[in-house]
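First up is the structure itself, then whatever we jot down about it.
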Amino acid sequence: MKKEVFNPFTVVHEQLEACAKILGLNENVYNILKRPMREIHVSLPVKMDDGTMKIFQGFRVQYNNALGPTKGGIRFHPDETIDTVRALAAWMTWKCSLLNLPLGGGKGGVICNPKTMSSGELERLSRAYIAGIWKYIGPEEDIPAPDVYTTPQIMAWMMDEYSKIAQKNQFGVVTGKPLILGGSPGRDEATARGGLYALQEASDELGLDLGYSTVAIQGYGNAGYNAASLAKSLFGCKVIAVSDSKSAIYDKDGLDPEKVQKHKAKTSSVKGFPGAKEISNEELLELKADILVPAALENVITAKNAKNIKAKILVELANGPTSPEADDILFAKGVHVLPDFLCNAGGVTVSYFEMAQNFAMYYWDKEEVDKRLARKMAEAYHSVLHHSKKYSINMRQAAYVVAVGRLAEAMKLRGWV
Ligand code: GLU
């Protein structure tokens, strides 16, 4: 029997269709939002350290720019596909709209395995990618950023390559840069911090005391680690389980996020962390924890395991972690879902702050960034909650209603529909 391959762009279509029904969406708006405005496909020859040439495939999808220049990260991942990038670009479009940012949505991806590449190889690949797409990006056109397996260092190489081609410094062409090259204070932890600000609003709504709450986190990259660290330091939550692609670890008395991070830096995994019990990734998702944080990849909460989820609040720091069938099950069970394009919007929100600082040539301090981020996340959370109650729909559908409603208004005013 042929194995069914998960396609996140099909999920986007299912979600958009449901939203179109709720909103009675104009057919032209619906048809525009069903597909990307523009796609760039590039083949990238890169010289490897052993002297051989390797050809990598890269994509940049500019999904919709009705609200402003397209914006979104670049993933370096072996399983990248054009449909994954399309889906992520659509979610970026909804995300920027939901947060009321003057930005459209886009996403990039390169099929590669950064874990097996040297720093020199990664630099040459990053530069080749920008050389391939430079004509279609720019501080007022399309602004890439970090995502899965791309880092501030990679952003620095990309900004430098674009600046060389433009023959002038163009710090504003990518965000998520190192601080010294026009990065914003707080951008490194912004995805997690934004999610935790949304969680704070949600816990007030549900009457949950975060100081007595337990947390399980799937993924220990930028989002996962910062979520663990901030959940403990901001609210005093007990982080009882974390995982990465190799292992999951559990300690009912609570893990020390900083010590786990040090262990991971030394051994390249959370596996074998002293004193913790090893569990499977599946067990982590089904643990008895008040808060569950998927902070890795798509499609981890599905029809198969949704009924076993015991968390009260689902903090979706990953993009697309929950399938539409799982959404229905979680809604029926009363799990309060903070949907991805609300919950992880802190990253792009601080990227937008970074753009504003780059344009103004004037830099803010971290308190200013955090304060503005908190306000943005709280506003977005409450508008989603309001629509969820108004239409008796789940939080993801409500987020769609707000985001797509704004896009429809912009496109109508622009005379596109
Ligand atoms: N990659 C992040 C996301 O999925 C951030 C995008 C950005 O900062 O432009 O939202």
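The values are calculated or read from the model by the stated rules, or taken from the named source; none is laboratory data. What you see is a predicted model; the values in this text were computed from it and never measured. FYI the Cβ positions are ideal-geometry reconstructions off the backbone, even for glycines, and counts take in every protein chain you see. We work out accessible area using only protein heavy atoms, side chains counted, and drop any ligands, DNA or RNA first. Shrake-Rupley method; radii C 1.70, N 1.55, O 1.52, S 1.80 Å.
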Problem - Whole-number accessible area per residue in Å² for the range 259-417, which is evaluated in the context of all protein chains at 1.4 Å - result: 45
Completion exercise
Length gained, residue 163-residue 118, 0.36 nm per residue minus C-alpha separation, equals 13.8 nm
Problem - Long-range HN-HN contacts of residue 217 with modeled amide H, under 5 Å - result: 241, 242, 243, 293
Exercise for the section: For the chain, give the magnitude of the charge dipole about the Cα centre (Cβ charges: +1 Lys/Arg, -1 Asp/Glu; no others), in debye to the nearest 20. Expected result: 360
Handout entry: Karplus-derived HN-Hα couplings along the range 35-49 (A = 6.51, B = -1.76, C = 1.60, θ = phi - 60°), whole Hz, x at Gly and Pro
Key = 9, x, 5, 8, 10, 10, 10, 10, 9, 10, x, 10, 7, 8, 4
Practice task
Sum -39500 (n - 2.57) across every DSSP H segment of at least 4 residues in the chain, then divide by the residue count to get the 222 nm mean residue ellipticity, nearest 500.
Solution key: -15000 deg cm²/dmol
Practice task
Could you rank the peptides 248-258, 221-231 by their average count of other C-beta atoms within 10 Å per residue, with the highest value first?
Solution key: 221-231, 248-258
Handout entry: Given 34/412; 95/307; 238/288; 115/262; 95/376; 107/264, the pairs whose alpha carbons are separated by over 20 Å
Key = 95/307; 107/264
Fill in the blank from the handout: In order over the range 79-95: 3J(HN,Hα) from phi, Karplus 6.51/-1.76/1.60, θ = phi - 60°, whole Hz, x for each Gly or Pro, gives 9, 4, 9, 5, 5, 5, 5, 4, 4, 5, 5, 5, 4, 4, 4, 5, 4
Completion exercise
With a 1.4 angstrom probe the carbon and sulfur portion of accessible area for the range 226-289, in percent, totals 52
Fill in the blank from the handout: Most packed first (mean Cβ within 10 Å per residue), the peptides 138-146, 206-214, 342-350 order as 342-350, 138-146, 206-214
Practice task
Please list, or write none, the aspartates and glutamates whose alpha carbon is within less than 12 Å of the alpha carbon of residue 310, excluding same-chain residues fewer than 8 places away.
Solution key: 283, 286, 290
Handout entry: DSSP beta bridges in the chain [antiparallel fraction, %, rounded to 5]
Key = 50
Exercise for the section: First compute the accessible area of the range 93-161 with a 1.4 Å probe, then give the percent of it belonging to carbon and sulfur atoms. Expected result: 51
Exercise for the section: Enumerate the lysines that residue 164 could reach by cross-link, defined here as Cα to Cα under 18 Å, with residues fewer than 8 away along the same chain left out. Expected result: 135, 177
Exercise for the section: Read phi for every residue in the range 225-230 and hand back ³J(HN,Hα) as whole Hz from Karplus 6.51 cos²θ - 1.76 cosθ + 1.60, θ = phi - 60°, with x for Gly and Pro. Expected result: 4, 5, 5, 4, 5, 6
Practice task
Determine, for each peptide in 45-56, 310-321, the mean count of other beta carbons within 10 angstrom over its residues, then list the peptides with the highest first.
Solution key: 310-321, 45-56
Completion exercise
Of all DSSP beta bridges with both partners in the range 198-316, the antiparallel percent, nearest 5, is 35
Handout entry: Gained length - residue 282 relative to residue 378, 0.36 nm times residue gap less alpha-carbon distance
Key = 31.4 nm
Exercise for the section: Taking H placed 1.01 Å from N in the peptide plane, check which residues at least 5 places from residue 72 or on another chain put their amide H under 5 Å from its amide H. Expected result: 106, 143, 145
Practice task
Using label points projected 7 Å from each Cα along Cα→Cβ, tell me how many nm separate residue 258 and residue 79, to one decimal.
Solution key: 3.4
Fill in the blank from the handout: To the nearest 0.05, the calculated FRET efficiency linking residue 49 and residue 305 through their beta-carbon distance, R0 being 30 Å, is 0.15
Problem - Potential extension, residue 269-residue 389 segment - 0.36 nm per residue separation minus Cα distance - result: 39.0 nm
Completion exercise
Row for the chain, column shape: gyration tensor on C-alpha, a ≥ b ≥ c, rounded if a/c < 1.5 i.e. under 1.5, prolate if a/b over b/c, else oblate; value rounded
